[in-house]
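One structure is given here, and the rest of the page talks about it.
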Amino acid sequence: MPLAGCVAGAQPQAARDGGAVGDAGRADADLADAGRADGGVPDGGVPDGGIPGDFDSFMLAHMMTARTPGLAAAVVRGDQVVLARAWGRADIAANRPATPDTLFMLASISKTVTAVALMQLYEQGRFGLDDPIDTNLGRLVRNPNFPSVPITYRMLLSHTSSIEDGLHYADYYVYDMDSPIALDAFVTGYLSPGGAYYDASNWSGTGAPGTSYSYTNAGVALAGDLVERISGLNLQQYCQQHIFTPLGMGESSFFLRDLDRTHIAMPYDTDASGNYTPDGYYAYPDYPDGQLRTSASQLARFLMAFSQYGQLGGAQILQRATVEEMRRQQPSSQEGLCWEFTTIGGRNLTGHDGADYGVTTSMYFDPVTGAGIVVLTNGAVSSSAEMQALAEMQARLLQVGEP
């Protein structure tokens, strides 16, 4: 299943800040009144006139099964957007429809952007992939169980660093604000024995760095900290200059403070009675691993650039050889450099998925056909039936993008 394993939502439960929203919040309510929203097809894309007549009813029915009140999707083929469409509600209480330009929390898809940022600095010769991170970080970082083994950039981006998401990793969510804990302070306190956020479970006790795969949010948070240390900019400033602006992603940010909240989809869970319950707008100090918010239409541009070996139109965010390395399965790992492999509808795909409270997302492309999908939802898809419904929607969207 495409949502197995590598998601940010596999964390202890955090406090919720919302209750049931009444009849309009029923998870099995008819979404048809919210209808569908079409997006413009940018930059030489083709219209979606070839879509079967039952496509919208298929998506709405599967959204009900998946228990997600809103969904925005973009389908790409090579360097063209062939579909940009949304269904349902971005905010139930405000009766605000989802559109292809609605901003969604990406959860772990954020890792792919953080990885691209770090690899841009690699292209500048600021480090080698197999160099220890200590020099640029300005401090020694070692697994206390394996103090003689340095951690490298490749290990961080391939989830082989031996850094773990410890028992208290998810204790630092805040609501209606950005985290007051600075990224560098968090990762320093998280990884250093005696630090403010340290626990022995933050490090693997059985596998030395570079020897085994263990998916870790904290490791990618450290990668984001390295972007900030090397570039002298916070990750948002760096990505704005070197990724978002070149790709025309003008309303994309890791921070709530940068965004109009009326443009952001409210995340939702469902309670025991089947009511949608809002999770609120939340944040955490380790923001590089999951906190980016953007739209399906904008994220499609990032996906096209990566699938086209770093180039989209006149913008080049990475060199071809760098993208090839990121797409290659790494030593001792199950994935590339923050780019995963999965199978949907019998197709072998590259990309990433994500899940957090009230959020389920996916972004994948087929390296053979060039077809790709972005699927952003404001629902917590968790049961096997819900996940199956989402997988069927993903497969149907991929068919639209095939040549």
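The values are calculated or read from the model by the stated rules, or taken from the named source; none is laboratory data. This is a predicted model, so every value here is computed, not measured. Note that we place each Cβ from the backbone using ideal geometry, even for glycine, and neighbour counts take in every protein chain shown.
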- Message: So if I check each of Tyr268, Tyr276, Tyr287, which one is of a type in the set (Ser, Thr, Tyr), closer than 30 Å to Ala185 by Cα, touching a residue at least 40 places away in the same chain (Cβ under 8 Å) and touching a Gly at 6+ places or on another chain (Cβ under 9 Å)?
- Response: Tyr287
- Item | strands (runs of 3 or more DSSP E) contained in segment 290-403 and holding at least 3 residues under 18 Å from the mean Cα position of the chain (by Cα), at pLDDT 95 or above and over 25 Å from Pro97 (Cβ atoms) | 340-344, 347-356
- Query: How do the pairs read when you match residues in segment 58-74 that are modelled with pLDDT of 95 or more with residues anywhere that are basic (Lys, Arg) and part of a helix (DSSP H, G or I), using Cβ under 7 Å and keeping only pairs 6 or more apart or on different chains?
  - Reply: Phe58/Arg396
- From Gly274, Gly224, Gly280, Gly290, grab the single residue that is closer than 28 Å to Val381 by Cα and either of a type in the set (Val, Ile, Thr) or in the same structural domain as Ser162 (by TED's automatic domain parsing) (or both). Gly224
- Leading residue by the ranking (nearest to Phe302 (Cα to Cα)) among those in segment 368-384 that are of a type outside the set (Val, Ile, Thr) and out of contact with any strand residue (DSSP E or B) (no Cβ under 6 Å at 6 or more places or on another chain): Ser382
- Task: With the checklist (1) surrounded by fewer than 16 Cβ atoms within 10 Å (Cβ to Cβ); (2) part of a helix (DSSP H, G or I); (3) in contact with a Pro (Cβ under 9 Å, 6 or more places away or on another chain) in hand, flag the one item Val220 doesn't pass.
- Result: (1)
- Message: Scan segment 104-127 and tell me whether some residue there is in a strand (DSSP E or B) and among the hydrophobic types (A, V, I, L, M, F, W, C).
- Response: yes
- Message: Just the residues that are farther than 20 Å from Ala283 by Cα and not hydrophobic (A, V, I, L, M, F, W, C), please, taken from segment 165-197.
- Response: Ser192, Pro193, Gly194, Gly195
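Rundown of residues vs (1) more than 16 Å from Cys338 (Cα to Cα); (2) part of a loop (DSSP other than H, G, I, E, B); (3) touching a Cys at 6+ places or on another chain (Cβ under 9 Å), yes/no style:
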position: Met177; (1), (2), (3): yes, yes, no
position: Pro180; (1), (2), (3): yes, yes, no
position: Thr188; (1), (2), (3): yes, no, no
position: Ser212; (1), (2), (3): no, yes, no
position: Val227; (1), (2), (3): no, no, yes
